[in-house]
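> Starting off with a structure, shown below.
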Amino acid sequence: MTRKSLSLLATAAIAALALSACGDSGDTAESSPEETGELRTVNIGLMPIAPSVAVEYGIQKGIFEEHGFELNVNPGASGAASLPAVVAGQLDFDIGNPMSVAIANDQGMDIRIAAGFSNAIPEGDDIAGIIVRADSGIETYADLEGKTTAVVSLQGHNTLTTQDVAEKDGADPEGLDFTELQFGDMTAQLEQGNVDAAFMPEPFLSRALSDPANELLGYNFQDSIPGLPTLVTYTSGELIEKDPELVKDFQVAMEDVLTQAQENKDEALAMLTDFIDVPPEAAANMRIEDWDAEIKRDEIDQLNELALKHDYIQNPIDPEGFYYE
């Protein structure tokens, strides 16, 4: 997220506070949003990727509005820039991966997971995996030792689960090399021999496998932590302390949105055409995560234990300061 975007959000937040301060005192000030019919504006960071379309589904179907919320969506806000933005109150909530939240928490940021969002598929065809060239000689995860694997971000759940499955296969997890590439560049770099393997989510995974010269090494999420949460909904400890009712109400809204999106997945996927410019046929056939607002503590705790083992974080995560349910 750019500095300009942050400034705009901060200005909007200040303006909203100023307007709320101008309300009448007395009974009116104590009325809930449901009683007054007023919508509460929530600033939320959202990456322009396929699973995020569940939020768009909730907006277009009026589900958030039914729960008293108007969303100010900040596209592209997720990632490293969104974490301090949430702590600073410029974003009320963000949708991001749980590993980033754990690292930020370990570094002293008061960030809490308030709801789930999306999970990898626990069995069968998963939504992300590691691709190699069919003639590479790489047949097991252990063969990745001493090789270079392309990932979109270092020290994420993509690298951590790859180290875990390689170690389970007998490799030294510290002997794996990773390099950062954008998903759209990975196939070409793999073909040119600049990398030996590449971690890809859908739709990049299916596109790469459409070429018989590429093959799937394995589903590292599934082989490490089946059903691993890929995205979670998080907020700041300050907002929880300042307005716990808003956070609780938003948790309920997210549960409703994600439940309905999961139950009507074909309809939600059809929105990808306008949401991130996915061709209609590709959207209809896309393999995508399961949406679920439940916080998958067991799976996230396993991820955090791996993060501690491999020095992604330096201290055990305190559940009381990490989850808010």
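The values are calculated or read from the model by the stated rules, or taken from the named source; none is laboratory data. As the structure is a prediction and not an experimental result, all values here were calculated from the model. Virtual Cβ from ideal backbone geometry, glycine too; neighbours counted across all protein chains shown.
> Looking only at segment 125-139, decide whether some residue is among the aliphatic types (A, V, I, L, M) and in a helix (DSSP H, G or I).
no
> Quick one: which strands (runs of 3 or more DSSP E) lie wholly within segment 166-259 and hold at least 1 residues that are aromatic (Phe, Trp, Tyr) and closer than 19 Å to residue 125 by Cβ?
Those strands (runs of 3 or more DSSP E) span 197-201.
> I would also like to ask the following. For segment 110-138, enumerate the residues that are surrounded by fewer than 21 Cβ atoms within 10 Å (Cβ to Cβ) and either closer than 15 Å to residue 307 by Cβ or of a type in the set (Asp, Glu) (or both).
Of everything in segment 110-138, those that are surrounded by fewer than 21 Cβ atoms within 10 Å (Cβ to Cβ) and either closer than 15 Å to residue 307 by Cβ or of a type in the set (Asp, Glu) (or both) turn out to be 110, 123, 125, 135.
> Would you check if there is a residue in segment 145-152 being under 13 Å from residue 216 (Cβ atoms) and touching a helix residue (DSSP H, G or I) at 6+ places or on another chain (Cβ under 8 Å)?
No, there is no match, as no residue in segment 145-152 is under 13 Å from residue 216 (Cβ atoms) and touching a helix residue (DSSP H, G or I) at 6+ places or on another chain (Cβ under 8 Å).
> Identify the single condition in (1) surrounded by fewer than 16 Cβ atoms within 10 Å (Cβ to Cβ); (2) in contact (Cβ under 8 Å) with a residue 12 or more places away in the chain that residue 250 does not satisfy, given that it satisfies every other one.
Answer for residue 250: the failing condition is (1).
> Can you go through 206, 210 and tell me which one is surrounded by fewer than 20 Cβ atoms within 10 Å (Cβ to Cβ) and more than 23 Å from the chain's Cα centre (by Cα)?
Sole residue among the options that is surrounded by fewer than 20 Cβ atoms within 10 Å (Cβ to Cβ) and more than 23 Å from the chain's Cα centre (by Cα): 210.
> Here's another thing I want to ask about it. Would you mind telling me which numbered condition in (1) touching a Ser or Thr at 6+ places or on another chain (Cβ under 7 Å); (2) under 24 Å from residue 313 (Cβ atoms) residue 128 fails?
(1)
> Looking at 80, 142, 85, which one is touching a helix residue (DSSP H, G or I) at 6+ places or on another chain (Cβ under 9 Å), at pLDDT below 95, surrounded by fewer than 19 Cβ atoms within 10 Å (Cβ to Cβ) and not β-branched (Val, Ile, Thr)?
Step by step, each of 80, 142, 85 is checked, and only 80 is touching a helix residue (DSSP H, G or I) at 6+ places or on another chain (Cβ under 9 Å), at pLDDT below 95, surrounded by fewer than 19 Cβ atoms within 10 Å (Cβ to Cβ) and not β-branched (Val, Ile, Thr).
> So, one more: Quick test of your reading of the structure: residue 148 fulfils all but one of (1) modelled with pLDDT under 95; (2) surrounded by fewer than 18 Cβ atoms within 10 Å (Cβ to Cβ); (3) of a type in the set (S, T, N, Q). Name the failing condition by number.
All conditions pass for residue 148, except number (1).
> Can you go through 126, 94, 106 and tell me which one is charged (D, E, K, R) and in contact with a strand residue (DSSP E or B) (Cβ under 6 Å, 6 or more places away or on another chain)?
After ruling out the rest, the residue left standing is 94.
> Condition first: farther than 30 Å from residue 214 by Cβ and acidic (Asp, Glu). Can you find one or more residues in segment 116-139 that meet it?
Scanning segment 116-139 turns up no residue that is farther than 30 Å from residue 214 by Cβ and acidic (Asp, Glu).
> In addition: Do we find that residue 105 is touching a residue at least 24 places away in the same chain (Cβ under 8 Å), in a helix (DSSP H, G or I), outside the structural domain of residue 84 (by TED's automatic domain parsing) and crowded, with 22+ Cβ neighbours inside 10 Å in this structure?
Considered against the rule, which asks whether it is touching a residue at least 24 places away in the same chain (Cβ under 8 Å), in a helix (DSSP H, G or I), outside the structural domain of residue 84 (by TED's automatic domain parsing) and crowded, with 22+ Cβ neighbours inside 10 Å, residue 105 comes out as no.
> Could you check segment 276-320 and list, in sequence order, the residues that are crowded, with 18+ Cβ neighbours inside 10 Å and under 19 Å from residue 154 (Cα atoms)?
300, 303, 304, 306, 307, 312, 313
> In segment 182-194, is there at least one residue being farther than 25 Å from residue 49 by Cβ and either surrounded by fewer than 19 Cβ atoms within 10 Å (Cβ to Cβ) or over 26 Å from the mean Cα position of the chain (by Cα) (or both)?
Yes, some residue in segment 182-194 is farther than 25 Å from residue 49 by Cβ and either surrounded by fewer than 19 Cβ atoms within 10 Å (Cβ to Cβ) or over 26 Å from the mean Cα position of the chain (by Cα) (or both).
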